[in-house]
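Input: a single structure, listed below in structure tokens.
The values are calculated or read from the model by the stated rules, or taken from the named source; none is laboratory data. Since this is a predicted model, take the numbers as computed values, not measurements. Cβ placement follows ideal geometry from the backbone for every residue including glycine, while neighbour counts extend to all protein chains displayed.
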Amino acid sequence: MSDDASSAARDLTSGSPDVPLAYGSGVEMKARSQWAYVRIRFLRHRLAVASLIVLVLIGLVGVFAPQLAPYGYDQPNYDNAVQSPTLEGWHLFGTDQLGRDYLSRVMYGIRTSLWVAFFVAFLSTAIGTTIGALAGYYSGHVDNLLMRLTDLMLTLPGLAVLLTASVYLGSGDPLKIGLILAFLFWTAVARIVRGLFLSLREKEFVEAAKAAGASDLRIIVRHMLPNCLGPIIVYATLLVAAAILVEAALSFLGFGIQPPNAALGKLVSEGQGEGFDLWWLVTFPGLVIVLIALCVNFVGDGLRDAFDPTQRRIRA
Amino acid sequence: MLSYVVRRLLYSVVVLAAASFLVFTFVSVSGDPLAELNIIPNLSEQSRQNVIDRKHLDDPIPVRYGYWVRDAVTNQFGTTLLGDRPILPDLWRVMKNTLQLVLVAELLAILVAIGIGVSSARRQYSAFDYTATTVSFLGLATPVFWLALMLQVLVVQVYEHTGLKLFPIASLNSIDPGTGIHFAIDRAHHLVLPVLVLMVASVASYSRYIRASMLEVMGSDYMRTARAKGLPERQVTMRHGFRNALIPLVTLVALSFGSLLGGAIVVETVFSLDGMGLYFVNALRANDPYPVMAWLMVTATMIIVFNLIADIAYGYLDPRVRYE
Amino acid sequence: MPEPILTIRDLTVEFDTEDGVVHAVTGVGYDLYTGEVLGVVGESGCGKSVSMLSVLGLIPRPPGRIVSGEAIFRGEDLLKLPEVRLRRIRGGPMAMIFQDPLTSLNPVLTIGDQIVEAIKVHNPDSSDTVARVRAVELLQLVGVPSAEQRYHQYPHEFSGGMRQRAMIAMAIANDPSVLVADEPTTALDVTIQAQIIEVLKAAQRETHAATVLITHDLGLIAELADRVVVMYAGKVVEIGDVFSIFDSPRHPYTVGLLSSLARLDADVDRLEPIAGQPPSLITPPPGCAFHPRCALSQGRMACRTDVPELRALGPEEGHLSACHFAEELDAAAQPVGGTS
């Protein structure tokens with residue numbers, strides 16, 4: 001190359017901000033934080049966004065149930081007994097043999113069920129993440145103990161363990177039920193976080209942090225945990241759905257939340273007790289459970305894709 | 001291979017022993033076996049003392065545990081608290097019924113899920129695929145007890161409006177089912193709804209898994225190599241794709257066995273089927289720890305054996321994990 | 001010049017993606033002659049693999065689409081052949097070796113089974129025993145030790161180099177006349193690379209196949225290739241015999257490639273990369289695809305508006321370049337190595 005050409009080439013090579021490239025593509029990229037990207041990708045999933053909106057609405061109904069419900073939870077009204085769903089008197093979900101309005105009952109049920117579900121998801125995630133992180137990072141005894149424990153839990157059907165626990169620890173109170181459920185769920189979270197930490201531990205940035213003199217705690221919290229947040233959040237979301245379904249099953253069988261506390265599962269079983277002619281008593285509380293679980297699952301799916309778009313999946 | 005199996009079995013025995021001790025202690029400490037007794041009016045002091053003697057309720061927990069183990073191993077798991085019924089014969093009877101229900105449901109679920117999963121993967125993003133995914137989501141969001149109830153409601157409403165009796169909604173058999181083939185048909189007729197309900201959750205999760213697995217396999221390099229060799233597409237899909245995609249299903253089925261039994265508990269309760277699930281719920285409601293313990297031990301053993309079989313099958317199918 | 005065994009003309013392949021239509025290959029054409037090793041070289045994403053994969057019908061359609069072109073092999077246009085006929089050519093007269101032998105072999109089938117499969121699909125009448133014997137023979141040919149025992153082993157029990165040997169064995173099983181090697185050494189350790197190069201040479205000697213060697217490794221080209229096709233952004237930019245390409249490159253991209261090589265025999269203070277980035281294949285720049293990065297262009301109108309044709313240059317036979325100002329390189333051209 002001639003001197004001119006080669007010096008021109010070198011100019012182009014330098015790449016410093018004041019020497020523009022010969023060709024500008026015209027596409028400017030704005031620098032964004034990682035969370036912003038997650039948010040953008042999540043918002044692209046219309047179904048997940050719609051589900052989130054529905055969930056928020058349902059949540060609001062639960063929070064403001066005492067204000068919104070046209071009737072009380074346990075308010076008999078023999079004049080209105082055995083009404084199929086009708087717009088009159090706001091009996092959108094009908095009434096039972098005692099004349100109790102099921103719309104109101106379902107609203108109070110939503111309140112309790114959602115509360116328990118989020119409580120369980122939060123508590124089990126907190127405990128499971130802590131223990132899983134320690135087990136995955138340190139290995140050794142803590143890890144062994146954790147693995148034996150999860151092995152133990154895997155040999156028994158989850159529902160059976162929960163039923164037994166609720167019989168012998170006492171049921172009826174949402175807080176107790178929440179604690180019992182969290183007691184079973186945290187092992188699942190711990191197992192996952194342990195796996196994540198085991199694979200992260202070998203990554204170079206951990207070695208680099210150690211070489212820089214960072215303490216174990218700092219490495220775990222500041223370096224490794226943020227990398228796991230995506231899968232943990234997704235899993236916690238799925239736990240909410242699982243918790244709702246399990247709590248409903250427990251309450252339905254009579255081992256879960258009991259009156260005077262409202263619970264959707266209990267409503268279904270009470271409805272069952274009144275016979276198959278009054279079909280609305282069984283249908284609507286269950287339908288609400290399905291709706292909540294469905295929406296939570298859609299949101300979870302959207303989150304999973306937002307955190308890890310490399311997996312090609314159906315845009316549900 | 002043999003040493004591997006033996007090691008696993010020994011390990012499982014230890015796990016079972018540990019689990020049984022923990023559960024027994026938990027149950028004995030937190031529940032008061034005599035609570036049920038105290039509810040019965042006019043119970044003579046002598047009868048009460050008999051029960052205490054029989055169950056060694058005066059002795060400390062480890063001693064009681066020892067008696068329980070002895071009973072478990074030598075005496076058909078002992079007897080129930082009230083009524084002194086031998087546990088094992090009942091348990092065995094209900095276990096057979098439940099296994100029948102669960103195995104049929106699981107087998108059908110696997111077949112249906114394979115059909116749906118493979119078709120979805122082949123026709124990715126098609127209307128069929130989207131429908132299948134949506135239905136899967138629905139299936140996973142539907143509580144088992146509610147689905148069971150809705151089917152019952154449906155059958156009853158159809159009967160009331162049209163006089164048509166679609167399926168029985170309760171019990172394993174009718175009052176007088178006859179023998180031989182008649183009995184079998186009657187049983188099958190009664191099992192239709194329960195099997196259907198149990199299948200839903202399984203099909204929902206398996207089909208999504210198979211779809212994902214098939215997609216991953218279909219995009220893999222060795223599929224391209226197979227095509228580059230000139231193999232017909234059918235052989236590429238079946239020999240190279242299908243087999244590889246199904247291997248992880250073995251693990252999934254094994255892991256789902258626990259939740260399948262949980263579903264059986266609910267289904268049997270709703271449909272009043274004389275199976276393990278209903279037996280367990282009744283024992284819990286009666287606050288009788290002995291059948292509860294027996295049930296937990298038997299179930300745990302079933303799950304352990306099942307997992308072991310699944311592991312061996314997996315090793316047979318996937319040569320990469322053999323001889324670990 | 002004898003007739004080429006494979007002639008590709010005007011091949012254009014596109015892919016539909018979420019972000020738009022990717023013009024992976026545009027108007028690509030080159031010839032392949034019997035017994036030669038043709039090196040196809042270029043950066044990742046330049047379309048060198050996609051071209052050959054399209055010829056063999058191995059690109060997924062959808063989202064891929066062969067918009068135009070022809071690939072004449074033994075008098076037939078492969079791009080127009082029905083799948084049934086094309087299948088008889090794949091793995092038989094025309095075979096392909098892929099980059100990563102670990103993922104390119106089915107993990108649950110034995111190596112022997114997979115080679116036998118390749119044999120039997122093109123020789124359905126041969127018995128199992130005959131196929132088995134041939135498979136072992138092939139393994140021995142490519143240098144797999146204890147071939148008889150290795151026949152029954154699974155891919156994960158082979159080392160990386162042995163796996164690639166097995167893949168080569170599979171490809172030459174049916175005496176192909178065209179062998180396509182897509183980055184055959186990229187996934188292997190450097191020391192193993194040398195061994196595989198020897199295996200490829202042996203395979204070529206054995207089958208007298210015309211070999212298409214797709215790679216980004218210029219060292220491999222220098223060692224093995226007879227002629228070279230240089231590709232950039234989905235187009236062919238230069239074709240020539242290996243000595244001419246290395247001694248007097250006639251396209252600025254080729255010049256840049258060769259200049260950026262680290263060399264033992266040159267006294268260079270710093271490596272000289274080509275400035276800029278490869279262009280987007282969804283919205284390629286107008287005119288010559290290389291002009292934004294081209295030191296020779298200096299912003300001339302022709303480069304920015306007209307797509308240069310691949311044309312023969314002067315007296316040198318078979319040396320083609322797609323550059324408006326290739327002649328200017330002639331004067332400024334210098335052998336690779338040495339400072340300017």
Next item on the list: Scan region B:121-146 for residues that are more than 8 Å from chain A (Cβ to nearest Cβ), at pLDDT 90 or above and surrounded by 14 or more Cβ atoms within 10 Å (Cβ to Cβ) and report the count.
Entry: 5
Notebook entry, point to check: How many residues are surrounded by fewer than 24 Cβ atoms within 10 Å (Cβ to Cβ), closer than 27 Å to B:Leu108 by Cβ and within 12 Å of another protein chain (Cβ to nearest Cβ) if we restrict to region B:202-234?
Noted result: 9
Next item on the list: Out of the residues in region C:61-118 that are among the β-branched types (Val, Ile, Thr) and at the interface with another protein chain (Cβ under 7 Å from one of its Cβ atoms), state the one that is farthest from the chain's Cα centre (by Cα).
Entry: C:Val108
Next item on the list: Check whether at least one residue in region A:200-216 is crowded, with 19+ Cβ neighbours inside 10 Å, within 25 Å of the chain's Cα centre (by Cα) and not basic (Lys, Arg), and report yes or no.
Entry: yes
Notebook entry, point to check: Of all residues in region A:83-113, how many are surrounded by fewer than 22 Cβ atoms within 10 Å (Cβ to Cβ) and either aliphatic (A, V, I, L, M) or not assigned by TED's automatic domain parsing to the domain that holds A:Gly178 (or both)?
Noted result: 4
Next item on the list: Please enumerate the residues belonging to region A:265-297 that are among the aromatic types (Phe, Trp, Tyr) and either crowded, with 24+ Cβ neighbours inside 10 Å or more than 9 Å from every other protein chain (Cβ to nearest Cβ) (or both).
Entry: A:Trp280, A:Phe284
Next item on the list: Pull up region B:206-255, narrow it to residues that are among the β-branched types (Val, Ile, Thr) and touching a Leu at 6+ places or on another chain (Cβ under 8 Å), then point me to the one that is nearest to C:Ala187 (Cα to Cα).
Entry: B:Thr225
Notebook entry, point to check: Quick check: anything in region C:259-282 surrounded by fewer than 24 Cβ atoms within 10 Å (Cβ to Cβ) and either at pLDDT 90 or above or closer than 30 Å to C:Phe73 by Cα (or both)?
Noted result: yes
Notebook entry, point to check: Taking region B:81-104 as the region of interest, how many residues are crowded, with 19+ Cβ neighbours inside 10 Å and over 18 Å from B:Thr299 (Cα atoms)?
Noted result: 1
Check: Is there any pair with a first residue in region C:173-187 that is at pLDDT below 90 and a second that is acidic (Asp, Glu) whose Cβ atoms are under 9 Å apart and which are 6 or more apart or on different chains, and what are they?
Finding: C:Thr185/C:Asp217; C:Thr186/C:Asp100; C:Thr186/C:Asp217; C:Ala187/C:Asp100
Notebook entry, point to check: Name the pairs whose Cβ atoms lie under 9 Å apart, with the first residue in region A:280-301 and without any contact (Cβ under 8 Å) to a residue 40 or more places away in the chain, the second of a type in the set (S, T, N, Q), and 6 or more positions between them or separate chains?
Noted result: A:Val282/A:Ser269; A:Val282/A:Gln272; A:Val282/B:Gln152; A:Gly286/B:Thr142; A:Val290/B:Thr142
Next item on the list: Please find, within region B:220-243, the residue that is modelled with the lowest pLDDT out of those that are within 13 Å of C:Gln114 (Cβ to Cβ) and of a type in the set (A, V, I, L, M).
Entry: B:Val236
Note to self: Quick check on B:Thr237: is it more than 8 Å from chain C (Cβ to nearest Cβ) and within 20 Å of B:Ser126 (Cα to Cα)?
What the structure shows: yes
Next item on the list: Would you be able to tell me the number of residues in region C:5-18 that are crowded, with 17+ Cβ neighbours inside 10 Å and closer than 18 Å to C:Leu78 by Cα?
Entry: 7
Checklist line | Residues located in region C:284-293, provided they are more than 8 Å from every other protein chain (Cβ to nearest Cβ) and either farther than 16 Å from C:Leu257 by Cβ or not small (Gly, Ala, Ser) (or both) | finding: C:Pro284, C:Pro286, C:Gly287, C:Cys288, C:Phe290
Check: Taking region C:119-143 as the region of interest, how many residues are within 14 Å of chain B (Cβ to nearest Cβ), within 26 Å of C:Ile197 (Cα to Cα) and either part of a loop (DSSP other than H, G, I, E, B) or at pLDDT below 90 (or both)?
Finding: 0
Checklist line | The listed residue being among the β-branched types (Val, Ile, Thr), closer than 25 Å to B:Phe21 by Cβ and either away from chain A (no Cβ under 11 Å) or out of contact with any strand residue (DSSP E or B) (no Cβ under 7 Å at 6 or more places or on another chain) (or both), out of B:Thr301, B:Thr269 | finding: B:Thr301
Check: Hey, any hits in region B:257-270 for a residue that's under 30 Å from A:Leu152 (Cβ atoms) and of a type in the set (Asp, Glu)?
Finding: yes
Check: Looking at region C:82-98, which of its residues are modelled with pLDDT of 90 or more and within 22 Å of C:Thr34 (Cβ to Cβ)?
Finding: C:Arg85, C:Leu86, C:Arg88, C:Ile89, C:Arg90, C:Pro93, C:Met94, C:Ala95, C:Met96, C:Ile97
Check: Taking region A:83-106 only, how many residues are touching a residue at least 24 places away in the same chain (Cβ under 8 Å) and not in a loop (DSSP other than H, G, I, E, B)?
Finding: 6
Notebook entry, point to check: In region C:12-44, which residues are of a type in the set (A, V, I, L, M, F, W, C) and either touching a helix residue (DSSP H, G or I) at 6+ places or on another chain (Cβ under 6 Å) or without any contact (Cβ under 8 Å) to a residue 40 or more places away in the chain (or both)?
Noted result: C:Val13, C:Ala24, C:Val25, C:Val28, C:Val37, C:Val40, C:Val41
